[in-house]
Amino acid sequence: EALYGPEVSRQLQRLKLDLVLPAPDDKTSAKRLADLGVKMEAMYGAGEYCNDDRCYNLDEMTIIFAESRDPELLQEMWRGWRSISPPMRQLYEEQVDIANAGAQDLGFTNLSELWRSNYDMDPDVFSADVDQQWQKVKPLYDALQCHVRSELNEFYGDQVVPKAGKIPAHLLGNMWAQTWDNVYELVKPENREQSYELTQLIVESGMSEVEMVKTGEAFFSSLGFEPLPETFWQRSQFLRPRDRDVVCHASAWNIDNIDDLRIKMCIQKNAEDFQTIHHELGHNYYQRAYNQQPFVLRNSANDGFHEALGDTVALSITPSYLVQLGLLEEEPPVEEDLGYLMNMALNKIAFLPFGLLVDKWRWQVFNGEITPQDYNKGWWQLREKYQGVEAPAERTESDFDPGAKYHIPGNTPYTRYFLAFIQQFQFHKALCDEIGYQGPLHRCSIYNQPKAGEKLQAMMELGRSKPWPDAMEAMTGQRELDASAIIDYFTPLMTWLDEQNKDRQCGW
Ligand code: X8Z
Ligand code: ZN
């Protein structure tokens, strides 16, 4: 006879599955595991690269990646940032060993199985599902990679970017080549481009960093959510402190699991950070929505839901919304939609293979398929295979390139972002249907639509109390992850890309 009912059972299961790095059942290992995590996170936070002239932190390098078109400077910064991570390699190896032992103590084969067990389904079915989703969206990525490669080849020449094969990873506007919107200018559709640039609108408006956050809050208020508590404004970090090292990678916090909500960012006045603000606020509103649940169920339906929430809202930062904000004078004509969609694709589509491969690497590291002698080689095999990008300099096993991406030293699972990037379009479509919107999906904005807010609330307040398909259903009426919305959204761009690519040799 069971000692407790299904509700308690679910909560006990949650306690196990929410562990990202479980310590084995002995004090020395537990302490060592904690120390290792702190050490690596601190190394990332203190990360900088110095040449003969000066030192650069990640914010500064981020700007260089966004703006510079000088392949040599970019290559120097690309390599420079990766000098922070070789010292992490040993520590990472040790961390994997200890956490694997911890996962085994909990009854899992290894940490890979534990991580993949967090989705209310068999872990192997889950990873197969993820691959299937990737197969559905891959044609979009392949077309985008082909077009971008060709335009970069024209701009930089054969010496820098080959006509065929992989794209050198330092030329895509981002330190990890994970999103490419910063090279929009080089790859935009001629004569159909966007007439405005959000970064420029933000800068010209004279908005401060805090005002950027206030604007994000106002969006959520327009959906019917309560304003953020006073403590949010007092206790959040919006700017990089001058007097100490901090991890500037954006994050959201829920300190008391009730209403002590905060974000921690080093905001720059640009479009990317404006979006990230909505992303982080999404975490906070979600956290507040489930604060009535029993303690261990105060979490999202699965980790992809948490990552998708704010991004879903940010999909509504459309030209018409910018007009309502007063940032843009008038709504651009439909001919500009192609430019808008290209910009979106350079962010949302370009990200997908990266979102997939980070944990492909970790799962293989955890299950022993990638051994420590091959950490870097295994990483680049995945980068090449999935993203079709290549390292712009020789890499060896004295490098540890995965460690130069925050989520590796920070031990944050990454498949959640792959899921979120697909799911946010599904959510967006469901909300646009809910408000009776008719028209192309990319022009829909849920700003000022409390009915959309109610749907979001219905999903969020469930927290983790039900299997995720129930939460999905509460908002979308569907019980499965469905890539058809992201495919629909980008259909006009796909048609255009196929046309552009018709005489090109695509693939890598
Ligand atoms: O890490 C994040 C958020 C913090 S929860 C800013 N993201 C991933 C990344 O930056 O690598 C959001 C998109 C992907
Ligand atoms: Zn997030």
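Can you work out the FRET efficiency for the pair D256 and V20, with r the C-beta to C-beta distance and R0 = 25 Å, to the nearest 0.05?
Working: r = 21 Å, r/R0 = 0.84.
According to the calculation, E is roughly 0.75.
If contacts are Cα pairs under 8 angstrom and at least 6 residues apart, what is the relative contact order of the chain in percent? Each step should come with its number before you reach the end.
Numbers: 744 pairs, mean separation 109.0, N = 508.
Relative contact order here is 21 percent.
Filter K163/K188; K138/K166; K377/K405; K16/K405; K188/K502; K138/K348 down to the pairs with a C-alpha to C-alpha distance above 20 Å, please.
From K163/K188; K138/K166; K377/K405; K16/K405; K188/K502; K138/K348, over 20 Å: K16/K405.
Suppose every Lys and Arg Cβ carries +1 and every Asp and Glu Cβ carries -1, with no other charges. What dipole size does the chain come out with about its Cα centre, to the nearest 20 debye? All intermediate terms of the calculation are to be shown ahead of the outcome.
Values: 48 positive and 79 negative charges, 168 e Å.
Here the size comes out at about 800 debye.
Calculate, for segment 172-240, the solvent-accessible area per residue in square angstrom, rolling a 1.4 angstrom probe over the heavy atoms of the protein chains.
44
So what is the relative contact order of segment 259-374, in percent, for Cα pairs below 8 Å that sit 6 or more residues apart? All intermediate terms of the calculation are to be shown ahead of the outcome.
Working: 57 pairs, mean separation 20.2, N = 116.
The normalised contact order for segment 259-374 reaches 17 percent.
If we sort 280-289, 29-38 on the protection proxy, mean other Cβ atoms within 10 Å, highest first, what's the order?
Working: 280-289: 23.8, 29-38: 15.7.
Ranked by mean Cβ neighbours within 10 Å, highest first: 280-289, 29-38.
Which order do the peptides 66-74, 413-421 take when ranked by the mean count of other beta-carbon atoms within 10 Å per residue, highest first?
Values: 66-74: 14.7, 413-421: 23.0.
Output ranking for 66-74, 413-421: 413-421, 66-74.
Along the charge dipole of the chain, which of I349, P24, Y286 sits closest to the positive end, that is, farthest toward it, with unit charges on the beta carbon of Lys, Arg, Asp and Glu (+1, +1, -1, -1)?
Of I349, P24, Y286, it is P24.
Pop out the carbon and sulfur fraction of the accessible area of the chain as a percent, whole number, probe 1.4 Å.
Working: 10060 of 21240 Å².
Roughly 47 percent, rounded to a whole number.
Among C146, G436, G378, pick out the residue whose Cα is farthest towards the positive end of the charge dipole of the chain, where Lys and Arg carry +1 and Asp and Glu carry -1 on C-beta, about the Cα centre.
It is G378, whose Cα lies furthest towards the positive end.
Counting Lys and Arg as +1 and Asp and Glu as -1, each charge on the Cβ, what is the dipole of segment 385-508 about the Cα centre in debye, to the nearest 20?
Numbers: 13 positive and 17 negative charges, 56 e Å.
Around 260 debye, computed over segment 385-508.
Please compute the per residue accessible area over segment 385-508 with all protein chains in place, 1.4 Å probe, rounded to a whole number of Å². Walk me through the numbers before you get to the answer.
On the way: 4840 Å² over 124 residues.
It amounts to 39 Å² per residue over segment 385-508.
How far apart, in nm, are the 7 Å Cα→Cβ label points at Q381 and R192?
In this crude spin-label approximation the distance works out to 4.0 nm.
For segment 236-272, list residues with backbone N below 18 Å from a point placed 7 Å from the Cα of N291 toward its Cβ?
What the label zone holds, given the 18 Å backbone N cut-off, is 236-237, 252-264.
I need the phi-derived Karplus couplings for segment 118-129: 6.51 cos²θ - 1.76 cosθ + 1.60, θ = phi - 60°, integer Hz, Gly and Pro marked x.
Residue by residue, segment 118-129 yields 8, 10, 6, 7, 4, x, 6, 5, 4, 5, 5, 4 Hz.
First measure r as the distance between the Cβ atoms of E154 and T28, then evaluate 1/(1 + (r/R0)^6) with R0 = 45 Å and state the FRET efficiency to the nearest 0.05.
Plugging the Cβ-Cβ distance into 1/(1 + (r/R0)^6) gives 0.15.
Could you tell me which of rounded, prolate or oblate describes segment 246-293, using a ≥ b ≥ c as the square roots of the eigenvalues of the alpha-carbon gyration tensor, with rounded for a/c under 1.5 and, failing that, prolate when a/b is larger than b/c and oblate otherwise? Each step should come with its number before you reach the end.
Numbers: a/c = 3.84, a/b = 1.90, b/c = 2.02.
Oblate, since a/c reaches 1.5 and b/c is not below a/b.
Would you calculate the separation in nanometres between label points at Q200 and D120, each defined as 7 Å from the Cα along the Cα-to-beta-carbon direction?
If labels sit at Q200 and D120, their model points lie 4.6 nm apart.
Using unit Cβ charges (K, R positive; D, E negative) and no other charged atoms, how large, in debye to the nearest 20, is the dipole of segment 10-80 about its Cα centre?
Details: 10 positive and 14 negative charges, 168 e Å.
With only Lys, Arg, Asp and Glu charged at Cβ, the dipole is about 800 debye.
Taking the dipole about the Cα centre of segment 40-93, with the C-beta of Lys and Arg at +1 and of Asp and Glu at -1, give me whichever of N57, P87, L74 is farthest to the positive side.
Positive-end residue among those listed: P87.
State in Å² the accessible area per residue of segment 52-156; use a 1.4 Å probe, count heavy atoms of protein chains only, and round to the nearest integer. Before the final figure, lay out the partial values.
Numbers: 4430 Å² over 105 residues.
Computed with neighbouring chains in place, this is 42 Å² per residue.
For the ranges 474-484, 498-508, what's the packing order if you count other beta-carbon atoms within 10 Å of each residue, average per peptide, and put the highest first? The partial results should precede the final answer.
Numbers: 474-484: 16.6, 498-508: 12.8.
Order by mean packing, descending: 474-484, 498-508.
Label the chain by shape, choosing from rounded, prolate and oblate, from the square roots a ≥ b ≥ c of the eigenvalues of the Cα gyration tensor; if a/c is under 1.5 it is rounded, and otherwise prolate applies when a/b is larger than b/c, oblate when it is not.
rounded
The values are calculated or read from the model by the stated rules, or taken from the named source; none is laboratory data. Please read all numbers here as calculations on a predicted model, not as lab measurements. All Cβ positions, even for glycine, are placed from backbone atoms using ideal geometry, and neighbour counts span all protein chains on display. Accessible surface is based on the protein model in full, side chains and every heavy atom, while ligands, DNA and RNA are left aside. Shrake-Rupley method; radii C 1.70, N 1.55, O 1.52, S 1.80 Å.
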